[in-house]
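What follows is a short report on a single structure.
Laboratory data are not the source of any read-out in this text; all were calculated from the coordinates shown. Here the structure is a predicted model, which is why all the values come from computation and not from measurement. Note that we place each Cβ from the backbone using ideal geometry, even for glycine, and neighbour counts take in every protein chain shown.
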Amino acid sequence: MIVTDRSGSMLAADVSPNRLAAAKKAAATFLGAIPDKVKVGAVAFNQNAEVLQSPTRDHDAVREALQSVKAAGSTATGDAITAALKSLKGKAPAAIVLLSDGKSVRGSDPLAAAQAAKQRKIPIYTVALGTAKGTIDDGVPVPPDPQTLAKVAKLTGGRAFTAGDVKSLDQVYKRLGSQIATEKRNHEVTNLFAGGALALMAMSALSSIRMLGRVL
């Protein structure tokens, strides 16, 4: 799940041309790095969290949904994490990529939501976007909150990143796309070996039954 902040502070121009435009571009980079077979969904949030697209292999649909996002309002990071978790169903391996540019001031506690992700073994990779010099509305400062995002990532087994310009943000999302894809392949290989071991055990049991009439 790609979870993107759309609060009013995303209009700050310290990341060119503004934070939201840079986030949209980076999300497109992420989708380009993810293999076609991986399902991706999207959540956008301010004081409300909205599921823009449930997990799908149609990456173009996710890209289009994110392009329609407009910035306004405040920030409820905990609610956004919860919305993403509700969209992730089943037992398939999953991860959340959370981008925010400010402190959560509404809704549930982000760390409580992160704890729920930890219990489901869903890592959250966080990206703190922007610089301490970012402003909106004639000079109102809107610094990012990397400390809380780092705690969310650490708690869930993810990683925390910071991005102060569009180039570094793009690089982070490209790296995340490749990393998540690699982890998915490793998980599939592990399952393949586990399945092979179970098959050998079953064959051994059948042989024991044929030869001795019981399972050893």
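Per the Cα gyration tensor, the range 30-179 maps to an equivalent ellipsoid with semi-axes of 23, 18, 16 Å, ordered largest to smallest. Could you list the residues of the range 1-30 with an amide nitrogen less than 15 Å from a label point located 7 Å from the Cα of Val105 in the Cα-to-C-beta direction? The answer is 6-12, whose backbone nitrogens lie closer than 15 Å to the label point. Counting only aspartates and glutamates at least 8 places from Lys103 when in the same chain, those with an alpha carbon closer than 16 Å to its own are Asp5, Asp79, Asp145. Within the set Lys118/Lys151; Lys86/Lys151; Lys118/Lys174; Lys91/Lys118; Lys89/Lys174; Lys89/Lys151, which residue pairs have Cα atoms separated by over 18 Å? Violating the 18 Å Cα-Cα cut-off are Lys86/Lys151; Lys118/Lys174; Lys89/Lys174; Lys89/Lys151. The gain in end-to-end length when the Ala92 to Lys70 segment is fully stretched comes to 4.8 nm, 0.36 nm per residue minus the alpha carbon separation. Here the calculated FRET efficiency for Gln147 and Ala116, from their Cβ-Cβ distance with R0 = 22 Å, stands at 0.60, rounded to the nearest 0.05. Counting 0.36 nm for each residue step from Ser16 to Ala61 and taking away their Cα separation leaves a gain of 13.7 nm.
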